[in-house]
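Below is one structure; the comments refer to it alone.
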Amino acid sequence: MPNPDTIQAGKVVSFHYTLTDDAGKVLDTSSGGQPMDYLHGAENIVPGLEEEMDGHAVGDKLKAIVDPESGYGERIATDPQPIPRDAFPDDVELRPGMQFAAEGPDGDLIPLWIAKVETEQVFVDPNHPLAGVTLHFAVEITGIRDATEEEQDHGHPHGPEGHVHTH
Ligand code: ZN
């Protein structure tokens with residue numbers, strides 16, 4: 001049996017992180033804010049980081065270097081494609097980096113990211129903004145608890161106020 005206090009499937013884990021690229025440029029960080037929560041084993045975070053978290057305890061600090069294939073995927077060589085602005089809802093403020101899903105020809109949902117917003121058209125890219133990037137995570141584990149049954153059913157953690165997400 002694994003130590004019940006360590007990170008394993010079914011645990012909600014809180015952690016602080018700083019994400020940098022190969023050049024050491026900070027891409028994202030939780031520093032100065034709330035730690036991030038995720039449900040271990042539910043693919044809430046990129047697979048390469050989830051694997052590195054396994055077995056760690058509260059207070060552990062770790063560094064993980066995650067290749068694109070275990071991160072946000074390899075970059076597909078394609079130019080961003082224009083879509084008319086009025087194909088998007090009026091009441092949503094569109095920003096570069098925003099993710100949405102478009103229905104493909106066979107009815108499957110295809111994830112797309114906004115690359116550029118102009119008055120009449122919006123350029124979309126099938127690549128996650130961090131596709132093709134080797135991710136350097138510096139992580140500190142700040143909390144580990146058992147997921148509730150509801151969280152396990154949903155496949156993600158709920159906040160201290162209970163069920164506050166929107167889907
Ligand atoms: Zn939920």
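A few points about this structure:
- Whenever a residue of the range 99-125 is within 18 Å of Ile76 (Cβ to Cβ), its partners that are open to solvent by less than 80 Å² (accessible area, probe 1.4 Å) and of a type in the set (D, E, K, R), lying with C-beta atoms within less than 7 angstrom and at least six residues away or across chains, give the pairs Leu112/Asp125; Trp113/Asp125; Ala115/Asp125.
- Taking the range 81-90 as the range and being at pLDDT below 90 and of a type outside the set (A, V, I, L, M, F, W, C) as the test, the residues that pass are Pro89, Asp90.
- The set of residues in the range 83-98 that are open to solvent by 90 Å² or more (accessible area, probe 1.4 Å) and either without any contact (Cβ under 8 Å) to a residue 12 or more places away in the chain or assigned to a strand (DSSP E or B) (or both) comprises Asp86, Asp90, Asp91, Glu93.
- Number of residues in the range 102-137 that are open to solvent by less than 40 Å² (accessible area, probe 1.4 Å) and within 30 Å of Asp5 (Cβ to Cβ) equals 2.
- Note on the range 1-82: enclosed strands (runs of 3 or more DSSP E) holding 1 or more residues that are assigned by TED's automatic domain parsing to the domain that holds Glu149, under 30 Å from Val122 (Cα atoms) and open to solvent by 40 Å² or more (accessible area, probe 1.4 Å) are 26-29.
- Residue in the range 142-161 that is within 16 Å of the ligand (Cβ to nearest atom), part of a loop (DSSP other than H, G, I, E, B) and among the charged types (D, E, K, R) present: yes
The values are calculated or read from the model by the stated rules, or taken from the named source; none is laboratory data. None of the values given here were measured: they were computed from a predicted structure. Methodologically, a virtual Cβ is constructed for each residue, glycine included, from the backbone with ideal geometry; neighbour enumeration extends over all protein chains shown. Note: accessible area is taken over every heavy atom of the protein model, side chains too, but ligands, DNA and RNA are not part of it. Shrake-Rupley method; radii C 1.70, N 1.55, O 1.52, S 1.80 Å.
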